[in-house]
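Below you'll find the structure, written out as structure tokens, and then a few comments.
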Amino acid sequence: MDAAKWHARLASGHWFSHLPEALQQSLLAASRLRSLAAGQFLFKRGDPPCGLYAVLDGAVRISAVNAQGKEAVLSLVETPYWFGEICLFDNLPRTHDAQASGPCTLLQVPQAGMLDLLEKHPAYWRDVALLMSHKLRLSLINIEQMSLMPASARLAHRLLMIAQGYGEIDQARRTLQLPQEDVAAMLGLSRQTTNSLLKALEQQGIIGLSYGAIELLDLKRLQHAAGL
């Protein structure tokens, strides 16, 4: 594994870049590369804990399907996003599915190795807790938006969140590899409603639409549409 190459890529994210240098190096030393084909599952709901992951290349779709087959897409995560930390705290099965949305390369720190590292250095638990607390904040914001914000504002806000790596990167991505059906599943809207809302943003020159992708043309106006 080219540790220097991946370290530079991971250091572009807020969480990893603010870790103690010793912890950064320990995570890389304990990790291994995982490659997934498009559509391949990394893990599914109910699978046993398997450690901490970081997206190095490509994107991972985090979702859940109920007994009736209806799917909720929680997020689409890209480099340098870390996930999977909840199971380090409770050692319980996975709560959601993680699936490669295209060819994908990930860094995996296996469960046993991660727990061994934390046992030897208990102070590092706080760093892992900060990773989880950031996601808890985002979850609470999403719950509030579902209750209080109109669908158009929720859509604009979600596009911004994805572009900013859910708070992990400073320079927002301008092109999102994101099918409209995934956007609809994230927001709990019908495909028809989502398409109408996206078309309205496109007509205003705020975004551009193409097959399986959304281009963000005017971030300031998108922020205004999100009520920010």
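Values in this text are rule-based calculations from the coordinates and carry no lab data. Please read all numbers here as calculations on a predicted model, not as lab measurements. Quick reminder, even Gly has a Cβ in these numbers, built from the backbone with ideal geometry, and neighbours come from all protein chains shown.
Details
- Peptides 143-152, 50-59 ranked from most to least packed by the mean count of surrounding Cβ atoms within 10 Å: 50-59, 143-152.
- Positive-end residue, the chain charge dipole about Cα centroid, Cβ charges, pick of His157, Leu52, Gln204: Gln204
- Partners of Lys120 within straight-line reach, counting aspartates and glutamates whose Cα lies under 19 Å from its Cα and excluding those fewer than 8 residues away in the same chain: Glu21, Glu85, Asp90.
- Estimated vicinal HN-Hα couplings, Hz - the stretch 14-25 in sequence order (Karplus 6.51, -1.76, 1.60; Gly, Pro = x): 4, 5, 5, 5, 9, 6, x, 4, 4, 6, 4, 5
- For the stretch 3-138, fraction of C-alpha pairs farther apart than 20 Å, in %: 44
- In this structure, the residue pairs whose Cα-Cα separation is over 27 Å, taken from Lys70/Lys135; Lys135/Lys199; Lys199/Lys220; Lys44/Lys199; Lys70/Lys199; Lys44/Lys135, are Lys135/Lys199; Lys44/Lys199.
- With the convex hull constructed from alpha-carbon coordinates only, the chain shows a mean projected area of 12.6 nm² over all directions.
- Of Arg61, Arg32, Arg126, the residue with the greatest mean-square motion in the GNM of the chain, using alpha carbon springs below 10 Å, is Arg126.
- Size of charge dipole - the stretch 49-144 - debye, nearest 20, with Cβ of Lys, Arg +1 and Asp, Glu -1, no other charges: 120
- A simple charge model with +1 on the Cβ of Lys and Arg, -1 on the Cβ of Asp and Glu and nothing else charged puts the dipole of the chain at about 340 debye relative to its Cα centre.
- ³J(HN,Hα), Karplus 6.51/-1.76/1.60, whole Hz, each residue of the stretch 145-162, x for Gly, Pro: 5, 4, 8, 10, 9, x, 4, 5, 6, 5, 4, 4, 5, 5, 4, 5, 4, 5
- Stokes-Einstein translational diffusion, the stretch 150-225 - Kirkwood Rh over all Cα pairs, 1.306 mPa s, 10 °C, in µm²/s: 130
- The stretch 124-194 and the stretch 46-71: distance between their alpha carbon centers, rounded to Å: 16
- Considering helices alone, the calculated mean residue ellipticity of the chain at 222 nm is -13000 deg cm²/dmol, with DSSP H runs of length four and up weighted by -39500 (n - 2.57) and normalised per residue.
- Given charges at Cβ of Lys, Arg, Asp, Glu: the stretch 3-138 dipole, positive-most of His14, Leu76, Ala123: Leu76
- Computed packing ranks the peptides 127-140, 170-183, 72-85 as 72-85, 170-183, 127-140, most packed first, by mean other Cβ atoms within 10 Å.
- Assigned charges on the beta-carbon of Lys, Arg, Asp, Glu; the stretch 150-225 dipole about Cα centre (debye): 180
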